[in-house]
Amino acid sequence: MNNEAMLHDATHASHHDHGHEHHEQHFITKYIFSQDHKMIAKQFLITGIIWAVIGALMSVFFRLQLGFPDKTFPIMEKFLGEWAKGGKLNPEFYYALVTMHGTILVFFVLTAGLSGTFSNLLIPLQIGARDMASPFMNMLSYWFFFTASVFMFISLFIETGPASGGWTTYPPLSALKEASMGSGLGMDLWLISMALFVVSSLLGGLNYISTVLNMRTSGMTMTRMPLTIWAFFFTAVLGVLSFPVLLSGFVLLIFDRNFGTSFYLSEIFIGGRALPNVGGSAILYQHLFWFLGHPEVYIIMLPGMGMASEILSNNSRKPIFGYLAMIISLIGITVLAFLVWAHHMFVTGMSPFLGSIFVLLTLLIAVPSAVKVFNWLTTIWKGNLRFTVGMLFALGFVSLFISGGLTGIFLGNSALDIHLHDTYFVVAHFHIVMGVSAFFGMFAGIYHWFPKMFGRFMNNTLGYIHFFITIVGAYLIFWPMHYEGVAGMPRRYYDFSAWQSFNSFQGLNAFISVVTIIVFFAQLLFVVNFFVSIFRGKKVTTQNPWQSPTLEWTTPINPGHGNWEGPIPTVYRWAYDYKDNGEGGDFIAQNVPLKDGEEAH
Amino acid sequence: MSVFILITLVVIVFGIIYQIAKASEYAAVLNGEEKVKQQTNKLMASLLVAFFLLGMYGIVKCHTALMQHMIPESASVEGVGFDSMFKTTLIVTGIVFVITQTLLFWFVYKYQSRPGAKAAFISHNNKLELIWTTIPAIVMAGLVVIGLKNWITITSPAPKDAQIVEVVGKQFNWLIRYPGKDGVLGNRDFRKINDENNVLGLDWNDKDNKDDIISQNGELHIVVNKPVKLIIGSRDVIHDVGLPHFRMKMDAVPGIATTIWFTPRYTTAEMKVKTNNPDFVYEISCDQICGKGHYSMRGTVIVETQAEHDAWLAKQQSYWDVNNAPAAPAADTAAVASTTMNN
């Protein structure tokens, strides 16, 4: 009730603000320090896209090295200067690139760029709220992320280069300046940036949770929410419970680096001298890191799952199959996500008994994942499929999720992991499942909700080209990598030519690199499509272009701050009423009252 | 300058591409949007199916092209379990892969929107949910059982008669220590490390160290059909002893001793014949990123017969002897001095 009163206030306030057409907000409060969830979503998205281009370009550079270790590419010197003298990548910088590629893509693009964008955009719009529970915290969340980005960006330009110990930054490598060049100032900046990032993600996550729990419009019970909201909700829960643990891990690392503590350091001889540290455990960091690190995988996957569910259902013109089973499996994944972290550590010398517990729990998580896949398949079964670009990406998401998910069954079993650990099999597995698949979820979301964000459509032709190049390219790049991994080829190698066991894959590596470059340019096609369409895309002329029952399409085509011009719609039915509305339409919007004798789902 | 020209060119090219793509929107308006939508829908369904069929064909092609580059069957007794378990898991996941992907693309084709068609209103089916929750759970349980059986074999204590060898990683090579005649590795202390004459920090007050042999060329000599237990350590950062041919792997963590054991099945010489490669060599790869030289941290394993091994061992000088007795005490004091300094 309290909530209701607040919403009414907000309605009045927004009426005052927008009473006169041109009584517009100042540029700074509208576009920069905005507290409008839709604008913040766009800020997250555009920052994410910029980072994605940088991160992808890095992969092009190191793929050039991997594909053609004996050639030089003078163009790299233009971009990287001293780091690629004469067009040949410096090994130290190769590791920096690999590290930054991982950090940027995992955290800045697929966490902030993904849930930052869509949780912000869709939570208020789909649950019928005028904004987030705390718009101010929401604004802070973006600006903490922005500051984190600035620190990370600066670290790319310093003399000793950015952090280079892998995105997991295991100490002692990351703790000791003597161990590698990137463990100097670059690592300090990395830690500062990541600490700020954790703050950003907590501010965001707490906001998402309280908004979903408290700000739903009247009639919007939890079981009437679209699956997107359920997914964002659990994503936020995962983040709120696990990011603090990561931060604690970072704080201890900062102490070890700067204040002479020995949390992670013990019995080390480096740089010609024995260090005084005794009694620490390098493995402790890995426990703290993966306690976030594994839920992080689901933080990346869940938004894609939610959006794919929504888009598949919408474009099949058919309710999502097993709505309740979908929610239960989300809960299952969320709970299990916290109980599987040590499967990243089977070969660290951890107790084998503990290892076997984690095998059991890890393979258990395959069950809810399988349930989701089957429900997606039965959602499109007997549907009336419309292949919009968003739909294609959602279908691609399912295909890639199956392919990448299945290889997880290999890696989760410790007796197989003992050979496959840290090989290209792992690279292939996680790139398909949480890299490309999550990206497909994100692309699906962007193409689908672009009209809501900017009041225009993205160009379809470019979208279709983008989709096919990307899915074919992704499989061409990552499928053969499994073979390299089964042959034992280790990841994070700068050059394989000296290795008899692995150098017969040289031709394959060159092939993968060429495909990578093609796929990179296809992504630029997307970026161009995105930015040009903001200004020149085909205008949206109907309020509900995808004929979707959810609430975001009951707002004006270009909703102002506050989302609905009149009162907030009341909800009478669940989000998937794709049935005959009696007037020739094939769906009934959530805000349409039940007909006489009709039962709510 | 040329970078700017390049960037401008790229921008122009993409601008042109966008304009061309934009033209298709105008064309759609001219030809009637509904009609174009239907045609596009049909085209996309066909393209998706084409993608699926070509993809399946590609998987077969990829397999035949790459199998020749794979490493041979497990060279350790314990790794045989890996090979068979890998095959089992591959078959199970392969079946699921083919079924689900086929359904996905078959539905795409079958249920593509057609004029006048309507989707069925089906929201759930509890029986189906139950079936597809239970079956994966049972299959997973099966895989867990196989996995744990192998895992227990691999991680069980090494046989009593196992040869003991210590492998220590440092940036960026492997140091290998054999216990010498007494069969016991002496104590070592990282404070006593000295790159000139005590690379592992052996404690010379410990008699067991006097006959220990250290090889710094990264060659691990082991005996065929005799279990070997590796005691793994690190001098600086985390490394990882990767033995792809033996299907074994274990991290080298500073401050913590880890172990693995396995029984080699084929000598290096036998492998040369088996793989038809006169230069064949077992390799030790570092599998945990450890700095700029990570990719060059290569060691080799020489599997030989007991006789060959004994002959090789007889030729080795103990590390104490290599650094001859008179020089060692000086080194010892130097190490102690540096310890006191650090403390």
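Would you tally the residues in region B:268-319 being within 11 Å of chain A (Cβ to nearest Cβ) and either farther than 25 Å from B:Met250 by Cβ or more than 18 Å from the chain's Cα centre (by Cα) (or both)?
5
Output yes when any residue across region A:28-40 is surrounded by fewer than 13 Cβ atoms within 10 Å (Cβ to Cβ), at pLDDT below 90 and over 28 Å from A:Ser200 (Cα atoms), and no when none is.
Looking through region A:28-40, none of the residues is surrounded by fewer than 13 Cβ atoms within 10 Å (Cβ to Cβ), at pLDDT below 90 and over 28 Å from A:Ser200 (Cα atoms).
Of B:Thr93, B:Thr40, which residue is at pLDDT 95 or above and either surrounded by 15 or more Cβ atoms within 10 Å (Cβ to Cβ) or not assigned by TED's automatic domain parsing to the domain that holds B:Pro244 (or both)?
B:Thr93
Among (1) modelled with pLDDT of 95 or more; (2) among the aromatic types (Phe, Trp, Tyr); (3) under 26 Å from the mean Cα position of the chain (by Cα), which single condition is A:Phe521 missing?
If we test A:Phe521 against (1) modelled with pLDDT of 95 or more; (2) among the aromatic types (Phe, Trp, Tyr); (3) under 26 Å from the mean Cα position of the chain (by Cα), just (1) comes out false.
Can you tell me which residues in region B:251-267 are within 16 Å of B:Ile154 (Cα to Cα), crowded, with 23+ Cβ neighbours inside 10 Å and either of a type outside the set (Phe, Trp, Tyr) or away from chain A (no Cβ under 12 Å) (or both)?
Within region B:251-267, B:Asp251, B:Ile260, B:Pro264 qualify.
From the list A:Leu196, A:Leu206, A:Leu213, pick out the single residue that is of a type outside the set (Val, Ile, Thr) and under 28 Å from A:Asn591 (Cβ atoms).
That would be A:Leu213, the only listed residue that is of a type outside the set (Val, Ile, Thr) and under 28 Å from A:Asn591 (Cβ atoms).
What about A:Ile557, is it within 23 Å of A:Trp449 (Cβ to Cβ), surrounded by fewer than 20 Cβ atoms within 10 Å (Cβ to Cβ), touching a Phe, Trp or Tyr at 6+ places or on another chain (Cβ under 7 Å) and of a type in the set (Val, Ile, Thr)?
no
Can you say whether A:Thr407 is within 30 Å of A:His37 (Cα to Cα) and of a type in the set (S, T, N, Q), as far as the supplied structure shows?
The answer is no for A:Thr407.
Output the residues belonging to region A:261-280 that are within 7 Å of chain B (Cβ to nearest Cβ) and of a type in the set (Ser, Thr, Tyr).
A:Ser266
Those residues that are touching a Leu at 6+ places or on another chain (Cβ under 9 Å) and either at the interface with chain B (Cβ under 9 Å from one of its Cβ atoms) or more than 12 Å from B:Gly55 (Cα to Cα) (or both), I need them from region A:458-477; list them, please.
Within region A:458-477, A:Leu462, A:Gly463, A:Tyr464, A:Ile465, A:His466, A:Phe467, A:Phe468, A:Ile469, A:Ile471, A:Val472, A:Tyr475 qualify.
Can you confirm whether A:Ser115 is at pLDDT below 95, in contact with a helix residue (DSSP H, G or I) (Cβ under 6 Å, 6 or more places away or on another chain), buried (at least 18 other Cβ atoms within 10 Å of the Cβ) and within 18 Å of A:Ile49 (Cβ to Cβ)?
When the stated conditions are applied, A:Ser115 passes them.
Any idea which of (1) at the interface with another protein chain (Cβ under 7 Å from one of its Cβ atoms); (2) among the hydroxyl-bearing types (Ser, Thr, Tyr); (3) within 30 Å of B:Lys249 (Cα to Cα) is the one B:Tyr111 doesn't satisfy?
Condition (3) is where B:Tyr111 drops out.
Condition (residue is away from chain B (no Cβ under 13 Å), over 19 Å from A:Val106 (Cβ atoms) and assigned to a loop (DSSP other than H, G, I, E, B)) applied to region A:337-352: is it met by at least one residue?
Yes - at least one qualifying residue is present in region A:337-352.
Determine whether B:Ile122 is over 36 Å from the mean Cα position of the chain (by Cα), facing chain A (nearest Cβ under 10 Å), not acidic (Asp, Glu) and not in a helix (DSSP H, G or I).
For B:Ile122, the condition - over 36 Å from the mean Cα position of the chain (by Cα), facing chain A (nearest Cβ under 10 Å), not acidic (Asp, Glu) and not in a helix (DSSP H, G or I) - is met.
Do any helices (runs of 4 or more DSSP H) lying entirely in region A:372-435 carry at least 1 residues that are crowded, with 24+ Cβ neighbours inside 10 Å and within 7 Å of chain B (Cβ to nearest Cβ), and which ones are they?
Here the list reads A:389-411, A:414-420.
What's the number of the only condition in (1) more than 14 Å from chain A (Cβ to nearest Cβ); (2) buried (at least 20 other Cβ atoms within 10 Å of the Cβ) that B:Ser215 fails to meet?
It fails just one condition, (2).
In region A:555-587, what count of residues is obtained for those that are in contact with a Leu (Cβ under 9 Å, 6 or more places away or on another chain) and not aromatic (Phe, Trp, Tyr)?
Qualifying residue count for the region: 9.
Yes or no: A:Ala575 small (Gly, Ala, Ser), out of contact with any Gly (no Cβ under 6 Å at 6 or more places or on another chain) and either on the phi > 0 side of the Ramachandran plot or touching a residue at least 24 places away in the same chain (Cβ under 8 Å) (or both)?
yes
Residues are listed down the side, and each one gets a yes or a no for (1) aliphatic (A, V, I, L, M); (2) modelled with pLDDT of 90 or more; (3) assigned to a helix (DSSP H, G or I):
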site: A:Lys42; (1), (2), (3): no, yes, yes
site: A:Ile49; (1), (2), (3): yes, yes, yes
site: A:Phe62; (1), (2), (3): no, yes, yes
site: A:Gln65; (1), (2), (3): no, yes, yes
site: A:Lys71; (1), (2), (3): no, yes, no
site: A:Gly81; (1), (2), (3): no, no, yes
site: A:Gly86; (1), (2), (3): no, no, yes
site: A:Leu89; (1), (2), (3): yes, yes, no
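Can you report the number of residues in region A:483-507 which are more than 9 Å from chain B (Cβ to nearest Cβ) and crowded, with 22+ Cβ neighbours inside 10 Å?
1
In this structure, is A:Ala474 in contact with a helix residue (DSSP H, G or I) (Cβ under 8 Å, 6 or more places away or on another chain) and farther than 20 Å from A:Phe439 by Cα?
no
Residues are listed down the side, and each one gets a yes or a no for (1) over 24 Å from A:Pro172 (Cβ atoms); (2) touching a strand residue (DSSP E or B) at 6+ places or on another chain (Cβ under 9 Å):
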position	(1), (2)
B:Asp182	yes, no
B:Gly186	yes, yes
B:Asp212	yes, yes
B:Gly233	no, yes
B:Ile260	no, yes
B:Thr267	yes, yes
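Would you mind telling me which numbered condition in (1) of a type in the set (Gly, Ala, Ser); (2) closer than 26 Å to B:His63 by Cβ; (3) at pLDDT 95 or above A:Ser497 fails?
Failed condition: (3).
Can A:Thr211 be described as outside any loop (DSSP other than H, G, I, E, B), within 13 Å of chain B (Cβ to nearest Cβ) and either more than 20 Å from the chain's Cα centre (by Cα) or at pLDDT below 95 (or both)?
Spelling it out, it is not the case that A:Thr211 is outside any loop (DSSP other than H, G, I, E, B), within 13 Å of chain B (Cβ to nearest Cβ) and either more than 20 Å from the chain's Cα centre (by Cα) or at pLDDT below 95 (or both).
Tally the residues that are under 22 Å from A:Arg224 (Cα atoms), of a type in the set (A, V, I, L, M, F, W, C), buried (at least 24 other Cβ atoms within 10 Å of the Cβ) and within 9 Å of chain B (Cβ to nearest Cβ), restricting the search to region A:281-324.
Within region A:281-324, residues that are under 22 Å from A:Arg224 (Cα atoms), of a type in the set (A, V, I, L, M, F, W, C), buried (at least 24 other Cβ atoms within 10 Å of the Cβ) and within 9 Å of chain B (Cβ to nearest Cβ) number 2.
Filter region A:121-153 for residues that are of a type outside the set (A, V, I, L, M) and outside any helix (DSSP H, G or I); which is nearest to A:Val198 (Cα to Cα)?
A:Ser134
The values are calculated or read from the model by the stated rules, or taken from the named source; none is laboratory data. No experiment lies behind these values; they were computed from the predicted model shown. Virtual Cβ from ideal backbone geometry, glycine too; neighbours counted across all protein chains shown.
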